[in-house]
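A short write-up of the structure that comes next.
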């Protein structure tokens, strides 16, 4: 993990959310170029700002650093919904997901 990963991950998750770097910066109460500077590797967010960025993007810090998760926000939503399914529905969902991976 390095500055490049953080910059690229923020850009990817922000794009998936469909928001511009400027709008995200302003929504966070920062200067309009705040996220742009992070994505261009000119700066890194503070620890507290990183948590706020994760919250804004709808991911946990763990999901942020999970390089295998292509869309951690949606994956989190799926997991939240799956928690409410009965055993039969979960078995069916698992079968569908396995079939889609083939």
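Quick one: would you say residue 24 is surrounded by 12 or more Cβ atoms within 10 Å (Cβ to Cβ) and under 16 Å from the mean Cα position of the chain (by Cα)?
yes
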Checklist line | Residue list for region 63-90, restricted to those being out of contact with any helix residue (DSSP H, G or I) (no Cβ under 6 Å at 6 or more places or on another chain) and at pLDDT 90 or above | finding: 65, 81, 82, 83, 84, 85, 86, 87, 88, 89, 90
Check: Only one residue in 99, 8, 39 is loosely packed, with under 14 Cβ neighbours inside 10 Å and under 16 Å from the mean Cα position of the chain (by Cα). Which one?
Finding: 8
Notebook entry, point to check: Taking the stated definitions as given, is residue 59 under 20 Å from residue 74 (Cβ atoms) and either modelled with pLDDT of 95 or more or in contact with a strand residue (DSSP E or B) (Cβ under 9 Å, 6 or more places away or on another chain) (or both)?
Noted result: no
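The values are calculated or read from the model by the stated rules, or taken from the named source; none is laboratory data. Since the model is a prediction, treat every value here as computed from it, not as a measurement. All Cβ positions, even for glycine, are placed from backbone atoms using ideal geometry, and neighbour counts span all protein chains on display.
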